[in-house]
Every structure is written in C-alpha cells, then in structure tokens.
1. Going by the structure shown, is Asp298 touching a strand residue (DSSP E or B) at 6+ places or on another chain (Cβ under 6 Å) and of a type outside the set (Lys, Arg)?
2. Take Pro275 and tell me if it is away from the ligand (no atom under 16 Å from the Cβ), assigned by TED's automatic domain parsing to the domain that holds Gly144, at pLDDT 95 or above and surrounded by fewer than 18 Cβ atoms within 10 Å (Cβ to Cβ).
3. Looking at Asp83, Asp48, Asp99, can you tell me which residue is among the acidic types (Asp, Glu), crowded, with 18+ Cβ neighbours inside 10 Å and within 22 Å of the chain's Cα centre (by Cα)?
4. How many residues are assigned to a loop (DSSP other than H, G, I, E, B), touching an Asp or Glu at 6+ places or on another chain (Cβ under 8 Å) and more than 23 Å from Ile108 (Cα to Cα) if we restrict to region 182-222?
5. Provide a single number: the residues in region 249-269 that are charged (D, E, K, R), within 16 Å of the chain's Cα centre (by Cα) and surrounded by 14 or more Cβ atoms within 10 Å (Cβ to Cβ).
6. With the condition kept exactly as written, say whether any residue in region 294-305 is in contact with a Lys or Arg (Cβ under 7 Å, 6 or more places away or on another chain), among the hydroxyl-bearing types (Ser, Thr, Tyr), crowded, with 19+ Cβ neighbours inside 10 Å and touching a residue at least 40 places away in the same chain (Cβ under 8 Å).
7. Say whether the condition of being touching a Phe, Trp or Tyr at 6+ places or on another chain (Cβ under 6 Å) and at pLDDT 95 or above is met by at least one residue in region 220-233.
8. Restricting to region 75-110, give me the number of residues that are touching a residue at least 24 places away in the same chain (Cβ under 8 Å), more than 13 Å from the ligand (Cβ to nearest atom) and either in a loop (DSSP other than H, G, I, E, B) or assigned by TED's automatic domain parsing to the domain that holds Thr233 (or both).
Amino acid sequence: MSRPRILLTRSWPEGAFAYLKDRYEVTVNETGVPLTQAQLSEAMDAYDALCPTVTDILTKEMLRPGTRVRMIANFGAGFEHIDLEAAKATGIRVSNTPDVLTEATAEIALLLMLMTSRRASEAERGLRDGRWNGWKPTQFLGQGLKGKTLCLVGFGRIGQATAYKAQTALGMKIAYHSRHRVAPEIETRLKARYVDSFDALAAEADVLSLHTPGGESTRHLIDARLLRLMKSTAILINTARGSVVNEADLVHALKAGTIWAAGLDVYEREPQVHPDLLPLDNVVLLPHLGSATRETRDEMGLRAAYNLDRFFAGEPLIDPIA
Ligand code: 8YV
C-alpha cells in the first residue's frame, strides 16, 4: 500500500523530520519562505495531510469540501491561523502541539522581563556603539524584580509556567486574570491570586505578561485605554500573539512614558515590526523566539508526527482541535 503523502510547509529539525520520513512520503518546502496562499490551496488537493506553521493562513476557501487533505497536523500550539470551524464543517481533522513548548516560551517571557527591567538591550547597544566609557553610579539604572507583582493575563500552561519561574527564580508575587479561574490547588501551589477584573489587574501590575490565545476574541485587548490604566513604572511583556496588542497605541505609550517599557516576542504583522518601535530604547524586540530551542522544535515536530500516526492508524488524535 502506498504511503500517505505529507507536505511540510517549512523545513523541520532533523530528528522529527527523520521520524516522519521513515513513515510517510514527505515533501518539504525548502525555499526558506512561506508558501503563497495559492500554493497552499493547491496543496490541499495534492497531499493527504499538511503540517503547517503559524505563518500559513488556512482559510475557509482552502478547507473546502472534497479536498484530498484530511488531516492538518499543525507545527505549533497556537492555531488562530487555521479556520477550525471550516475544518470541522468539512470533517478535516486538526491537531496542534501543546505542552512541549511551555517551558521554552516561559523562559522567553522571563528573559524579556529581565531584559526590560535591567535595560539590557539598550545598555548592550550603548556598549557596542562605544557610548560606554566606564562604570558610573547612575548609568543604565533599571528596576529590580524581587517583591514586584507579576500580573498574568491568561493562565494556561505557559502562563502558569511563567508564574512558577518568576516566583521561584525572581521572588515575584503572582496575580492573574483569565476567562476561567484555575482550580484552587493550582492557585495554592503557585501562590497565585485571582483578580476578577482585567482592568484592576492591569492597574496593579509591575509587570503585565500576556498569555492568551490569538484571534478575534483577544484582538487589541491591550490598547490606549488599558495602557493608561497601568502604572508609569510598569512593564508589558508579550510572548502570546501580536494581535493582542494595538502596536500603534503601544508606541504612543512608550514614547509618552505612560508605561516604562515593553518586551515583545510577537507582532501584529509578522515579520514586520511597527517602524516606530525600532528606535525606542525602552522596548526589547525579539523575533518570535518563544519555542526556538533545538529540543523544543524537535519535540514539536515529533508531537505533530504522533498525531499523524494516530490519524492514519484510525485512532483518536493526541491533541485534537478539530
Ligand atoms: C511556534 C508559537 O514556533 O506554537 C506557537 O503557538 O507561537 C511558536 O512558538 C510557531 O507557532 C510555529 O508554528
């Protein structure tokens, strides 16, 4: 029997790729650039399964009835780029890769907290540009994090891992707001205080860290109004999705000193970054590094592969989202 045809829309790390190649007829887009919408649409009739990434927008028109693709194993946890309702309507199964990127993404949230609070990017740029001419008692003074309150918006796996690391490693206090309050055991274990109003949470944050999904329901949750509620010493961290923050409003707030700093790993129109963010000293800009460790990316590939294995064996998916 011929092996199922799988399309990887981007190159995968070696280990996960080798696993997949042993089992399937695998085609890889090795161009280094995302497939176009037209190419993705064509692929729907040429393969049995797709492994897309966050850069592949899979629309209702593509997930139409009668396509050859019956399974989409997303390489990533977030899935707002896939029209799940359309997939459900046409019976195309979809999986994602939760869990395996939790720790890596939480590490980036901590990295951004440390970099922003201690002005690491700005200071390093100063050194490289030859503007550092020796130690001074008043140069590049940042803010310490010990005893400060980390407020998390969204308290799923990554939010909780970030809270744990910030509390145990940095001695921060933890508060959170989310659509669903977590179980009391989790609040106790993480010493996390639930705040039932999003506005109140933002107003008390020394650091406000975003851990919501992307998509319409969270679009521009952080806008000029919300930023004005925050302390002028506060730091905003976004490792979730760029769409959650109104970038133009954030630029304005950073310039006006409405908040103190921001650390961003994700952007509204990736890979474009709002041009007015680039010259600002009080923002740290990372290129969507959340899950970018060798181990994690391999595990993400393997997790997608295990979901494919289940699908083609006629067994329940490990991580079904449609
Ligand atoms: C991934 C992410 O690298 O998994 C996610 O939701 O945001 C990233 O860390 C990306 O999605 C790959 O598709």
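1. no
2. So Pro275 passes the test.
3. Going through Asp83, Asp48, Asp99 in turn, the sole match is Asp83.
4. Residues flagged as assigned to a loop (DSSP other than H, G, I, E, B), touching an Asp or Glu at 6+ places or on another chain (Cβ under 8 Å) and more than 23 Å from Ile108 (Cα to Cα) within region 182-222 amount to 1.
5. Summing the residues that are charged (D, E, K, R), within 16 Å of the chain's Cα centre (by Cα) and surrounded by 14 or more Cβ atoms within 10 Å (Cβ to Cβ) in region 249-269 gives 2.
6. no
7. Yes, that holds for at least one residue.
8. Summing the residues that are touching a residue at least 24 places away in the same chain (Cβ under 8 Å), more than 13 Å from the ligand (Cβ to nearest atom) and either in a loop (DSSP other than H, G, I, E, B) or assigned by TED's automatic domain parsing to the domain that holds Thr233 (or both) in region 75-110 gives 3.
The values are calculated or read from the model by the stated rules, or taken from the named source; none is laboratory data. The shown structure was predicted, so the numbers you read here are calculated from the model rather than taken from an experiment. Positions of Cβ are generated from backbone atoms using ideal geometry, with glycine treated the same way; all protein chains shown enter the neighbour counts.
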